[in-house]
Structure formats: C-alpha cells, structure tokens
Amino acid sequence: MSEFGALSLVPPLLAIVLAIVTRRPMLSLFLGVWSGAVIYTEGLGLAQTFDWIVGAIIADEGFHVQILLFTILLGSGVALIWRLGGATAVRNWATARLETQRTVGLTTWVLGLLMFFDDYANTAIVGSTMREISDQFRISREKLSYIVDSTAAPVATIGLSSWVAFQLSLIAAGYDDLGVEEEAPTAFETFVWSIPYNTYSLLAIAMVGIVVYTRRDYGEMLDAEHRAWTTGKVSREDAQPLQEVEKDLGEPIDDRPMLRTFFAPVVVLIAVTLAGALWTGYDGWTAEQAEEGAPTAVGTAAGEDGWLQVLVDIVGAGDFAGALVWGSFAMVATAIAIGVAYDLFDLGDGVDTVIDGFRLMVTAVTILVLAWAISDVASALETGDYVAGAVGDAIPIAVFPIVILLVAAFIAFTMGSSWATMGIVTPLAIELAYSLTGTFDLMPVVVGAVFSGAIFGDHTSPISDTSVLSSTFTGADLIDHVRTQIYYAATVMVVVIVCYLLYGYLDVSPVIFLPLGVVLLYGLVRGLSEFDGARKGLDPIASRTSAERADGDSSDE
C-alpha cells in the first residue's frame with residue numbers, strides 16, 4: 001500500500017482531466033508532474049519536477065532515448081517520403097483501386113494486423129501510409145487514428161513481438177515469487193492459454209473490423225465523420241494535430257511521383273528492424289544458454305524445447321528499441337539515396353528535409369517525455385500499489401478476473417503505460433489467484449485479464465504513449481482521438497465483462513463466449529449508432545447517399 005494513500009491518485013487524474021477539458025496535453029501533463037512533485041516533496045517541488053522529466057528520458061537503460069531517436073528519425077523518413085512525392089504516388093495508386101471508404105478502412109485494418117511485431121512501428125507505418133488516402137475519401141483523422149490505435153497494441157500483445165517476451169518474463173517472475181513446491185506450468189504454456197482470455201484485445205480488433213465494415217458510428221466519432229464527409233474537413237476547425245506534414249513541409253516534388261519512393265524506404269525500415277531484433281535476440285539467447293550450460297545450437301535446443309519456444313526466447317532476447325533506431329536510420333538513408341539517384345534533390349536538400357522532419361516531431365516528443373514523466377510520478381507515489389492494495393484479497397472467485405481487469409484498467413488509465421501496469425499487476429494477480437484457489441488453474445484467466453485491462457486503460461488515457469504516437473502519425477489532435485475512441489473502447493469493455501461473467505458463473509468456454517462477444521458487439525454498434533443518430537438528427541452512416549437511405553441500404557456507394 002502506498003504511503004501517500006489516495007493522494008497518489010491526484011497527479012495522473014489531474015493530468016487526464018485537464019487534458020480532456022482544456023485540450024492542452026502538454027500543459028496538463030506538466031501540471032500533473034508538478035503536482036506529484038509537490039506531494040512527494042511536501043513543498044513547491046520544481047526541482048523534483050525537472051528531475052522526473054530528465055529521468056523519464058534516460059530511464060530503462062536508455063530505452064526511452066532509443067524510442068525518441070526512433071520517433072524523430074521516423075519523422076525525417078516521413079518528411080523525405082512526402083518531399084519525394086511518395087505520398088502523392090500512393091494516393092494516386094490507391095485512388096484508382098480503393099474505391100470506397102469501406103475498402104480504405106479495411107485496408108488500414110489489415111495493414112495493422114500484419115504489422116504485429118511492434119506497436120510503435122505499427123502506428124508509424126500504417127498511420128503515415130494511410131493518412132493521405134483516408135483524407136482523399138473524407139475519413140476523419142479521428143476515425144483513422146482509432147483504426148490504427150485500436151489495432152496496434154492489441155495485435156502486438158497476442159502476436160510474436162516484444163510485448164509477448166515482456167509478458168512471458170512477468171509470468172515467469174510471478175511463478176518464481178510464489179515459492180511453492182507444486183510444479184507450475186511454464187510461462188509459455190500459461191501465455192498461450194491466456195490468449196482467449198485476453199478478451200479485450202481480441203474483441204477490440206473485431207470491433208475495428210465491425211465499425212469499418214458497417215461504416216456505423218456513434219458518440220463523438222459520429223459528429224467527426226459527418227463533419228469530414230459534408231465539409232471535407234478531416235480535422236476539427238481548431239484542432240491541434242501533433243504532426244502537419246503539408247503545412248510544415250510545403251508542396252512535394254510531384255513532377256515524377258513514383259511508388260518506389262514510398263515503398264522502398266518503408267520496406268527497408270521493416271526489414272532492418274526485424275533483422276536487427278532477431279540478430280540481437282539470437283546473440284542474447286546464445287549468451288543466456290551458455291551461462292545456463294544449455295545447448296547453444298538452435299536445432300538442438302528446438303529438439304528439447306520445441307521450435308516455437310526457441311523462437312519466442314530469441315525474440316524475447318532481442319533489442320527491439322535498438323532495432324527500431326537502426327531501421328528508421330536505414331529508412332532515412334534509403335530515401336536520401338533515392339532522391340539523389342533519381343535527381344529529385346541534391347544531398348543538401350535531403351539533409352534540410354531531415355531537419356524539417358525533426359521539427360515535425362517536436363510536439364509529439366515533448367508529450368511523450370511528459371507522459372513518461374507522469375508515469376514515473378505514479379511509480380514514485382506508488383499509485384499502482386495503492387489501487388491494487390485497496391482491492392484486497394476477499395474476492396469471490398467468480399468475479400476475481402473482473403476485479404483484476406478493472407484494477408489493471410484503472411492503473412493503466414492513470415499511469416498511461418500498459419507495460420508499467422502489467423509489471424505491477426501481473427505478479428499480484430498470480431499471487432492472489434493461487435491464494436484463492438491453491439492451484440494454477442486460474443492463471444491463464446487472470447493473466448489474460450491483466451493484459452486486457454492494461455490495453456483498455458491505454459486506449460482511454462490521453463497520457464498514453466501509444467495514443468500519442470497514433471495521433472502523431474495519423475495527423476490527429478490527441479484529445480480528439482481519445483475522446484472519440486473512448487466510446488468504442490468502453491463498448492468493448494462492457495462486452496468483455498459480460499464474457500467474464502459467463503465464464504465465472506456459468507463456466508462458459510472462450511470457444512463460446514468469444515463468438516458471442518463479436519455478435520454482441522455487432523448488435524451494440526447497430527443499436528447505439530441508430531440511437532445516437534436519431535438523438536442528434538444524423539444518419540448513423542455519415543457517407544450514406546440519399547438513394548441508399550431510401551432503399552435502407554448500408555452498402556458503399
């Protein structure tokens with residue numbers, strides 16, 4: 001339990017409320033950090049405030065520095081692609097082939113599913129790729145940002161990624177902390193069996209598909225889509241996008257728009273990132289195997305542990321942050337080489353564009369640093385421990401997964417970090433589950449509940465790093481993104497709770513409750529969109545034509 005008690009909740013909640021009310025995330029985050037310093041030091045706390053901000057940059061053995069380098073280099077890559085006419089070429093190509101809002105949305109969704117290896121790279125690549133195309137079809141920036149954000153983290157938490165490696169380490173540490181004689185299942189087995197119970201992630205992905213396919217919206221997203229469709233304004237009138245390529249970089253070179261100026265740098269980014277992660281992972285894995293006296297040959301180790309386990313171990317040992325830096329640098333170098341080789345600009349112009357790209361990311365980088373700082377504040381005040389301790393252990397087994405889900409969601413919402421939330425809640429959940437049941441049977445369920453709650457909290461928090469990056473690379477206003485996405489995230493969360501209740505009280509298997517959850521989501525999307533549309537006097541499908549309305553048709557024009 002935190003020694004600061006309920007005061008530990010003040011800084012993150014203050015930052016969140018101010019950000020939503022004032023729509024000024026940087027000021028709100030700074031005031032949140034400062035209020036935490038006042039509580040922590042029992043004084044003005046200005047020195048502590050800046051210590052936390054500096055510490056947030058250099059924390060985690062340079063991980064945050066690597067992410068900042070990746071972000072600004074990726075901004076330069078985006079600037080170069082724009083300058084070379086790559087975005088124009090993709091827009092021209094897509095306009096000839098993607099004929100409707102639905103096909104554009106589905107393409108964005110599928111791209112997000114394919115970029116499962118890292119959520120940061122996912123938001124950057126998919127957001128930058130589809131922004132110009134979605135603008136062409138009058139899809140609001142809020143909608144694009146929702147599609148990107150609500151696909152990136154959920155798919156990373158169930159695919160072969162750095163997320164999975166982190167989750168495996170937490171499960172293993174939780175089992176070690178139990179210190180029981182009974183043989184525990186392996187962390188890998190627990191993770192695999194937890195995937196169906198990571199219900200929020202699975203249903204969030206399904207929700208994106210449903211919203212995109214039906215074209216139905218509700219809440220503030222319905223207003224945003226009607227604004228974009230009727231006026232062509234893909235952002236709110238006084239919105240403050242975190243990245244404005246067109247305004248900051250001017251007109252692109254459009255005399256020879258070529259698809260290779262877009263795809264070559266992106267492919268290099270992906271290839272170098274994956275190769276770097278696997279290379280560092282293999283080095284780390286062999287070093288660890290050697291220390292343990294285990295086989296260091298992949299084939300021999302795979303024969304003992306299984307190929308999938310060895311692959312997960314190698315991925316887990318990989319330096320994904322470093323690989324992202326290498327990949328983004330290679331992306332920049334490739335784009336400059338193309339510009340010089342095709343005589344689109346000289347080396348000096350290329351370097352100038354790189355610097356312009358740095359400037360593109362200043363706002364996003366500032367918010368990222370402050371978001372990390374507010375997370376450090378929550379750690380120093382032990383906000384997560386306070387919330388978790390307040391729950392207690394006198395919990396009925398039937399609702400225990402729901403309690404874990406809600407605790408993880410609240411902690412992630414207030415800390416703005418799903419990883420920090422997983423680190424706090426996973427060991428506690430494992431310990432409580434064992435104390436309640438005396439067995440390991442409930443472990444996959446509570447582990448899935450932790451991951452589900454952490455992702456939900458991330459999706460609804462304006463101080464989340466993934467929310468910041470999704471808004472950045474789709475060119476959306478951060479607070480507009482959070483305010484529109486929260487309706488859909490909350491809808492999914494309600495269905496997740498229903499699924500957990502079915503499991504807890506009726507012992508319903510995920511084989512049944514997951515398809516039922518998808519059906520329920522579809523019904524809720526239709527019902528809520530009709531209700532909200534009628535309440536506002538708006539068509540629940542913003543882009544539906546008058547002929548479609550007359551026919552009662554919801555298909556694309």
Among residues of the stretch 380-413 being assigned to a helix (DSSP H, G or I), out of contact with any Phe, Trp or Tyr (no Cβ under 7 Å at 6 or more places or on another chain) and modelled with pLDDT under 85, the residue surrounded by the most Cβ atoms within 10 Å (Cβ to Cβ) is Thr383
Is it the case that the stretch 219-229 has a residue that's at positive phi, outside any helix (DSSP H, G or I), surrounded by fewer than 20 Cβ atoms within 10 Å (Cβ to Cβ) and modelled with pLDDT of 95 or more? yes
In the stretch 336-386, anything within 30 Å of Val266 (Cα to Cα) and among the small types (Gly, Ala, Ser) is listed as Ala337, Gly339, Ala341, Gly348, Gly350, Gly357, Ala364, Ala371
Result of the Cβ filter at 7 Å on the stretch 276-304, keeping first residues that are under 22 Å from Phe320 (Cα atoms) and without any contact (Cβ under 8 Å) to a residue 24 or more places away in the chain and partners that are among the polar types (S, T, N, Q) and in a helix (DSSP H, G or I), at least 6 apart or interchain, is Thr296/Thr286; Thr296/Gln289
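Looking at Ile72, Ile53, which one is touching a residue at least 40 places away in the same chain (Cβ under 8 Å), under 28 Å from Leu13 (Cβ atoms) and surrounded by fewer than 23 Cβ atoms within 10 Å (Cβ to Cβ)?
Working: Ile72 fails: under 28 Å from Leu13 (Cβ atoms).
Sole residue among the options that is touching a residue at least 40 places away in the same chain (Cβ under 8 Å), under 28 Å from Leu13 (Cβ atoms) and surrounded by fewer than 23 Cβ atoms within 10 Å (Cβ to Cβ): Ile53.
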- Could you tell me whether Asp343 is buried (at least 16 other Cβ atoms within 10 Å of the Cβ) and within 30 Å of Glu251 (Cα to Cα)? no
When every residue in the stretch 462-479 that is under 25 Å from Val525 (Cβ atoms) and touching a Lys or Arg at 6+ places or on another chain (Cβ under 6 Å) is compared, the one surrounded by the fewest Cβ atoms within 10 Å (Cβ to Cβ) is Ile479
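Give the residue that is farthest from the chain's Cα centre (by Cα), with candidates limited to residues of the stretch 488-519 that are more than 17 Å from Leu405 (Cβ to Cβ) and assigned to a helix (DSSP H, G or I). Quick ask: steps written out before the conclusion?
Filtering the stretch 488-519 down to residues more than 17 Å from Leu405 (Cβ to Cβ) leaves 488, 506-507, 509, 511-512, 515-516, 518-519.
Next, only the ones that are assigned to a helix (DSSP H, G or I) stay: 488, 506, 511-512, 515-516, 518-519.
Working: Tyr488: 15, Leu506: 33, Val511: 26, Ile512: 27, Pro515: 24, Leu516: 25, Val518: 21, Val519: 25 Å.
Result: Leu506.
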Filter the stretch 488-510 for residues that are more than 17 Å from Ile205 (Cβ to Cβ) and in contact (Cβ under 8 Å) with a residue 12 or more places away in the chain; the one that is surrounded by the most Cβ atoms within 10 Å (Cβ to Cβ) is Tyr500
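Give me the residue from the stretch 414-449 that is hydroxyl-bearing (Ser, Thr, Tyr) and part of a helix (DSSP H, G or I) and, out of that set, surrounded by the fewest Cβ atoms within 10 Å (Cβ to Cβ).
So, considering only residues that are hydroxyl-bearing (Ser, Thr, Tyr) and part of a helix (DSSP H, G or I), the one surrounded by the fewest Cβ atoms within 10 Å (Cβ to Cβ) is Ser435.
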Please indicate, with yes or no, whether at least one residue in the stretch 447-459 is within 22 Å of Gly416 (Cβ to Cβ) and aromatic (Phe, Trp, Tyr).
yes
Exception for Val17 within (1) more than 19 Å from the chain's Cα centre (by Cα); (2) within 30 Å of Val266 (Cα to Cα) falls at (2)
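Please verify whether the stretch 10-27 includes one or more residues that are under 27 Å from Gly276 (Cβ atoms) and not in a helix (DSSP H, G or I).
Keep residues of the stretch 10-27 that are under 27 Å from Gly276 (Cβ atoms), which gives none.
Checked the stretch 10-27: no residue is under 27 Å from Gly276 (Cβ atoms) and not in a helix (DSSP H, G or I).
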| Is it the case that some residue within the stretch 509-517 is aromatic (Phe, Trp, Tyr), farther than 25 Å from Val21 by Cβ and out of contact with any His (no Cβ under 8 Å at 6 or more places or on another chain)? | yes
Of those in the stretch 60-88 that are assigned to a helix (DSSP H, G or I), over 22 Å from the mean Cα position of the chain (by Cα) and closer than 15 Å to Leu259 by Cα, the residue modelled with the highest pLDDT is Leu80
Filtering the stretch 179-218 for residues that are within 22 Å of Arg483 (Cα to Cα), assigned to a loop (DSSP other than H, G, I, E, B) and either among the polar types (S, T, N, Q) or touching a Lys or Arg at 6+ places or on another chain (Cβ under 8 Å) (or both) leaves a count of 3
Turns out the helices (runs of 4 or more DSSP H) fully within the stretch 89-169 with at least 2 residues that are modelled with pLDDT under 90, of a type in the set (S, T, N, Q) and on the phi < 0 side of the Ramachandran plot are 119-136
Within the stretch 27-47, the residues that are touching a residue at least 12 places away in the same chain (Cβ under 8 Å) and surrounded by 15 or more Cβ atoms within 10 Å (Cβ to Cβ) are Ser28, Leu29, Phe30, Leu31, Gly32, Val33, Trp34, Ser35, Gly36, Ala37, Ile39, Tyr40
Only unsatisfied item for Trp193, checking (1) out of contact with any strand residue (DSSP E or B) (no Cβ under 8 Å at 6 or more places or on another chain); (2) of a type outside the set (A, V, I, L, M); (3) surrounded by 24 or more Cβ atoms within 10 Å (Cβ to Cβ); (4) touching a residue at least 60 places away in the same chain (Cβ under 8 Å), is (3)
Among Val351, Val377, the single one that is assigned to a helix (DSSP H, G or I), at pLDDT 80 or above, surrounded by fewer than 19 Cβ atoms within 10 Å (Cβ to Cβ) and not aromatic (Phe, Trp, Tyr) is Val351
Listed by first then second residue, the pairs whose first member lies in the stretch 459-486 and is on the phi > 0 side of the Ramachandran plot, whose partner is at pLDDT 85 or above and part of a helix (DSSP H, G or I), with beta carbons under 9 Å and at least 6 positions apart or on separate chains, are Gly475/Gly127; Gly475/Arg131; Gly475/Asp135; Gly475/Arg141; Gly475/Leu144; Gly475/Ser145
Residue pairs within 6 Å by beta carbon, gap of at least six or interchain, first lying in the stretch 516-538 and farther than 17 Å from Ile486 by Cα, second of a type in the set (Lys, Arg), listed first then second, are none
Residue count, the stretch 520-547, condition touching a Phe, Trp or Tyr at 6+ places or on another chain (Cβ under 9 Å), of a type in the set (S, T, N, Q) and not in a helix (DSSP H, G or I), comes to 1
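The values are calculated or read from the model by the stated rules, or taken from the named source; none is laboratory data. In this text the structure is predicted, and so the values were computed from the model without any measurement. Counting neighbours? That spans all protein chains shown, and the Cβs are built from the backbone with ideal geometry, glycine included.
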